[in-house]
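Q: So that we are looking at the same thing, I have put the structure below in structure tokens.
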Amino acid sequence: SHYVKKGTALDQEARKRGTSVYIADMVIPMLPKELSNGICSLNPNEERLAFSCLMELDNDGEITKYRFVKSLIRSRVKGVYSEVNKILAGEADDGLKEKYAEVIGEIPVMNELASILIQNRIKRGAPEINSVESKIICDENGVCIDIKARQSGVAEGIIEEFMLAANNCAAKVGMSNHIPFVYRVHEAPTAEKLMMLKDTLVAMGIEPKGINETSCAKDLANILRECKDDPRAPIIHRMTLRTMMKAKYSENPIGHFGLVMKEYAHFT
């Protein structure tokens, strides 16, 4: 917002585009590369203007304090998920250790906190749906030559949990201050979809414990947990995902069924 002022040519063009567009291995940015990849990108050892959610959490992973501030960030390293995963697995070579020297002591602490947050999400009853994303492999001419499963590791999960926490705080600000706000909401499945899931499970010879017209997220989570070692688990996960509604944006904060959160928005 510091660089793109309301009503300027940049603002109008970005409004037409709506978002950046990701196609295979390339991106068409909403804003010019000089902004998106330059002055607005968290490049290492360069000061960048940001708007941050600063949170304090206790030993149980509960958010005890938070505030939103205009901030100045000086990133120490351009982190790469695969490299951080190697560090967490104890497989970092001397080159990686040198690259991450200024932050390598924080990475295990981040992992510890993320693990607590993940356990809290499971305790709330959030379904853990395993789905596979596809990664398109292109040659030097931009032609697709292969499609592989996108690998996700511990580092990706750490960032996801921290983003969820910031998004939760953002929604709390909107709700507690009664200001016009755009929330990310996820409605409960319809009775029809839940009964279809129940009938399908019965047809597969699986006891549909707790699955009925008024099932909550924890009921779906329990089914997934009980079937985790079943060879049909990928099918059950896909069926459960299709049972749930699609998340959407709304000015009405009805909460997020899949995350079991009363307050949720897209701040990050």
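The values are calculated or read from the model by the stated rules, or taken from the named source; none is laboratory data. If you're wondering where the values come from, they're calculated on a predicted model, not measured in any experiment. For neighbour counting, all protein chains shown are included, and Cβ atoms are generated from backbone atoms with ideal geometry for every residue, glycine included. Ligands, DNA and RNA are excluded from the accessible area calculation, which covers all protein heavy atoms including side chains. Shrake-Rupley method; radii C 1.70, N 1.55, O 1.52, S 1.80 Å.
Q: Could you tell me whether the range 162-177 includes any residue that is closer than 20 Å to residue 121 by Cα, β-branched (Val, Ile, Thr) and open to solvent by less than 70 Å² (accessible area, probe 1.4 Å)?
A: Applying the first criterion (closer than 20 Å to residue 121 by Cα) to the range 162-177 yields 162-172.
Restricting the remaining residues to those that are β-branched (Val, Ile, Thr) gives none.
No - not one qualifying residue is present in the range 162-177.
Q: Within the range 230-260, work out how many residues are hydroxyl-bearing (Ser, Thr, Tyr) and under 14 Å from residue 219 (Cα atoms). Quick ask: steps written out before the conclusion?
A: Our first condition is that a residue be hydroxyl-bearing (Ser, Thr, Tyr); within the range 230-260, this holds for 240, 243, 249-250.
Filter once more, keeping what is under 14 Å from residue 219 (Cα atoms): 240, 243.
The number of residues fulfilling the criteria is 2.
Q: Same structure, new question: What number of residues in the range 223-267 are open to solvent by 90 Å² or more (accessible area, probe 1.4 Å), in contact with a Leu (Cβ under 9 Å, 6 or more places away or on another chain) and over 20 Å from residue 188 (Cβ atoms)?
A: Total satisfying the criteria: 0.
Q: Pick from 39, 63: which is over 20 Å from residue 169 (Cα atoms) and of a type in the set (A, V, I, L, M, F, W, C)?
A: On the way: 63 fails: over 20 Å from residue 169 (Cα atoms).
Among 39, 63, only 39 is over 20 Å from residue 169 (Cα atoms) and of a type in the set (A, V, I, L, M, F, W, C).
Q: Now for a separate question. Could you tell me whether the range 131-145 includes any residue that is in contact with a Leu (Cβ under 7 Å, 6 or more places away or on another chain), open to solvent by 40 Å² or more (accessible area, probe 1.4 Å) and closer than 20 Å to residue 248 by Cβ?
A: Applying the first criterion (in contact with a Leu (Cβ under 7 Å, 6 or more places away or on another chain)) to the range 131-145 yields 131.
Filter once more, keeping what is open to solvent by 40 Å² or more (accessible area, probe 1.4 Å): 131.
Then keep just the ones that are closer than 20 Å to residue 248 by Cβ; that gives 131.
Looking through the range 131-145, at least one residue is in contact with a Leu (Cβ under 7 Å, 6 or more places away or on another chain), open to solvent by 40 Å² or more (accessible area, probe 1.4 Å) and closer than 20 Å to residue 248 by Cβ.
Q: Restricting to the range 166-198, name every residue that is in a helix (DSSP H, G or I) and more than 27 Å from residue 56 (Cβ to Cβ).
A: First, the residues of the range 166-198 that are in a helix (DSSP H, G or I): 166-176, 191-198.
Scanning the range 166-198 gives 191, 192, 193, 194, 195, 196, 197, 198.
Q: If I filter the range 63-82 down to residues being more than 17 Å from residue 163 (Cβ to Cβ) and in contact (Cβ under 8 Å) with a residue 24 or more places away in the chain, which single residue comes out as least open to solvent (accessible area, probe 1.4 Å)?
A: 77
Q: Filter the range 119-130 down to the residues that are open to solvent by 50 Å² or more (accessible area, probe 1.4 Å), touching a residue at least 24 places away in the same chain (Cβ under 8 Å) and out of contact with any strand residue (DSSP E or B) (no Cβ under 9 Å at 6 or more places or on another chain), then identify the one that is nearest to residue 220 (Cα to Cα).
A: Quick first cut of the range 119-130, residues open to solvent by 50 Å² or more (accessible area, probe 1.4 Å) only: 119, 123-124, 128, 130.
Retained after the next criterion (residues that are touching a residue at least 24 places away in the same chain (Cβ under 8 Å)): 119, 124, 128, 130.
The next check asks that each one be out of contact with any strand residue (DSSP E or B) (no Cβ under 9 Å at 6 or more places or on another chain); those that pass are 119, 128, 130.
Working: 119: 17, 128: 9, 130: 13 Å.
Filtering first and then ranking leaves 128.
Q: Separate question: Please state which one of 133, 98, 91 is out of contact with any helix residue (DSSP H, G or I) (no Cβ under 6 Å at 6 or more places or on another chain), farther than 29 Å from residue 57 by Cα and touching a residue at least 12 places away in the same chain (Cβ under 8 Å). Walk me through it before giving the result.
A: Working: 98 fails: touching a residue at least 12 places away in the same chain (Cβ under 8 Å); 91 fails: touching a residue at least 12 places away in the same chain (Cβ under 8 Å).
Unique residue meeting the criteria: 133.
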